[in-house]
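Notes follow the structure.
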Amino acid sequence: MPLSARFPPRWNIPCLMGLHTGARRVPMSHHLLSFHLAQMTPGRRLSYSQPMVDHSDPTKTVQRAKKSGRTSPLRSILHVLHPTELSSAHSISEKSVGLGRQVDLAVTSIELAHGTVSRRHARMDWDGRRKQYQVTDLGSHNGTFINGTRVGELPVVIGSGSVLRLGDLVCVFEAEEIGAGARSHTVSQRAIPGDSATMQSLRELVAQAAPDPSPVLLIGETGVGKEFVAREVHRLSGRSGPFLALNCAELTSQLIESQLFGHERGSFTGATTAAKGLFRAANGGTLFLDEIGELPLELQPKLLRVLQEGEVRPLGSTRMHKVDVRVLAATNRELQQLVAEERFRRDLYARLALWEVKIPPLRERRADLLQLFNMLHTQWCAERERPENEMVLEPEAVEGLLLHSWPENLRGLDRLVHRLAVSVTEIISLEEVQRTIGEPLTHDSPSEPTHAGDTAKRPAPSKDELVAVMEQFDNSVRAVAKYYDRDRRQIYRWLENHGLR
């Protein structure tokens, strides 16, 4: 009698004689089978924890830890970024926290010793029912702003990644669930810099993936630094061979094949000498394939064979060569979408994505932006053997940089640093930053502030009305911003739109 016929249909018997993991079938031991058979009682579903395959040795299995039903606690941090002399990170508890120049003994307080911050400036409250933080201004003199929007007497929701400005003090608020794993101290912060929660999680994942010989797929937008992460994975892997890289979008199909797998003399027009290719050159080391989504479809089976069998055949040859190479691939495209469109092989994607590492764009790591800005400036000065003169940013310029969407990510920030470094401006204003970037700073907030009930604001003025209000307040943009209950950047935009600048 077949095994499935011996048990009622309400029992779920998932492949008792073996577990399928990818292309391999991992046999279940007799002890494990006996244990699960003993667990079967009427009305109870049969279940097991599926083991993970150790890809360095297919005969080994590693038991997957069961997920507990416990919810991870929430860790919230307020990063003070500007002025730089007050740079700090403060933990926010799930209760009311006062923000101001003077400590409030009645509640938990964070002392922010800056002249533009009122003694009792604002308060952050945890809404346990909605699982969110809210900010209320306490009648401050210079205002409280979330993502450039002024906070009034009504509490405003503040989301993770939001920019909070108290007077001229600029902060970034972050909230995340704390994982069970400890933070990694092995990954170089020079290679993968940043104190934001997203970058700490990235370093932790890199530390886990690096010693495993399996392929790693790095996913991220253009300019996020995928090759820097790849080099750090190679450094921590302990592999003695070289780190070599190839951009799959730069070459034709024939040249990519020759570059990767090598070729024999005379195998194609212009092949006057033989070449062993990058896989054989990287033997014992790591090969980084950038823009893997651009790899021609006809070459994907050859790459799959290298990953599965560890051997390559040069173009024009019948001989196979064994290689020991770890492959790291990177893409800024949705490979799963390409698989669905049959433009990328599903089996190759499955092989490459044994480790999948997502690198966040710059707009999702705002707490790191000023640190990266200063690092790029230091690097710029060192490359030119110039003394490092501090670039002083006005508060509005800092806020504008933090709220910018940075479509080019680190490349865009690097270009801005270069252009500002060659200028002679001592104090950099928001206008100077916008002029240097060459376009208005785009606001791409991950979490727009929302009121329980919005307070009415004065509508956007006409040109004549704006001229009259500017004259009324002696051309003080700060006073006009307070009059309209808007951020100063909005007043500058109105002035520019009406041709008044």
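Quick note: the coordinates plus some simple rules give every number you see, no bench work behind them. Computed from a prediction, not measured in an experiment: that's the story for all the values here. Neighbour counts are summed over all protein chains in view; Cβ atoms, including those assigned to glycine, are modelled from backbone coordinates with ideal geometry.
What is the sum of charges around Ala421, taking Lys and Arg as +1, Asp and Glu as -1, for the other residues whose C-beta is under 13 Å from the C-beta of Ala421? Don't skip to the end; give the middle numbers.
Numbers: positive: Arg384, Arg386, Arg415, Arg419; negative: Glu383, Glu388, Glu390, Asp414, Glu426, Glu432.
Once all neighbours under 13 Å are counted, the net charge is -2.
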Quiz item: Which order do Ile427, Ile219 fall in if you start with the one that has the fewest other Cβ atoms within 10 Å?
Solution: Ile427, Ile219
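Classify region 74-177 as rounded, prolate or oblate from the Cα gyration tensor: take a ≥ b ≥ c as the square roots of its eigenvalues, call it rounded if a/c is under 1.5, otherwise prolate when a/b beats b/c and oblate if not.
rounded
List the GluC sites (Glu not before Pro) within region 387-421 that DSSP assigns to loop and that have no more than 14 neighbouring Cβ atoms inside 10 Å.
On the way: sites: Glu388, Glu390, Glu396, Glu399, Glu408; in loops: Glu388, Glu390, Glu408.
Hits after loop and neighbour filter: Glu388, Glu390.
Sort Cys381, Cys248, Cys171 by Cβ crowding within 10 Å, fewest neighbours at the top.
Ascending number of Cβ neighbours within 10 Å: Cys381, Cys248, Cys171.
May I ask for the net charge around Ala340, where only other residues with Cβ less than 15 Å from the Cβ of Ala340 are counted and Lys, Arg are +1 while Asp, Glu are -1?
Counting the neighbours of Ala340, the net charge comes to 0.
For region 123-269, what relative contact order do you get, as a whole percent, if you take Cα pairs closer than 8 Å and at least 6 residues apart? Walk me through the intermediate numbers first.
Working: 151 pairs, mean separation 17.5, N = 147.
For region 123-269, the relative contact order is 12 percent.
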Exercise. Starting from the amide H of Gly285, placed 1.01 Å from N in the peptide plane, find each other amide H under 5 Å away whose residue is 5 or more places distant or on another chain.
Key: Gly241, Arg326
Exercise. Under 12 Å from the Cβ of Val170, count the other residues' Cβ atoms, weight Lys and Arg +1, Asp and Glu -1, and hand me the total.
Key: -2
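In what order do Met199, Met375 fall by count of nearby beta-carbon atoms within 10 Å, going from fewest to most?
Values: Met199 21, Met375 16.
Ordered by Cβ neighbours within 10 Å, fewest first: Met375, Met199.
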Quiz item: For the pair Thr186 and Val107, how long in nm is the line joining their label points, each one 7 Å along Cα→Cβ?
Solution: 4.4 nm
Exercise. Go through region 233-243 residue by residue and turn each phi into a ³J(HN,Hα) via Karplus (6.51, -1.76, 1.60, θ = phi - 60°); whole Hz please, and just put x for glycine and proline.
Key: 4, 5, 4, 7, 6, x, 6, 7, x, x, 9
Exercise. May I ask you to derive the FRET efficiency for Ser476 and Asn332 from their Cβ-Cβ distance with R0 = 41 Å, giving the value to the nearest 0.05?
Key: 0.35
Exercise. Can you figure out the FRET efficiency of Ala340 with Thr272, using R₀ = 35 Å and their beta-carbon distance, to the nearest 0.05?
Key: 0.25
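Give the calculated FRET efficiency between Gln208 and Ser240 to the nearest 0.05, with a Förster radius of 25 Å applied to their Cβ-Cβ distance.
Values: r = 21 Å, r/R0 = 0.85.
With a Förster radius of 25 Å, E is 0.70.
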Practice problem: Sticking with the crude label model, points 7 Å out along Cα→Cβ, report the distance from Thr378 to Leu297 in nm, one decimal please. | Solution: 4.9 nm
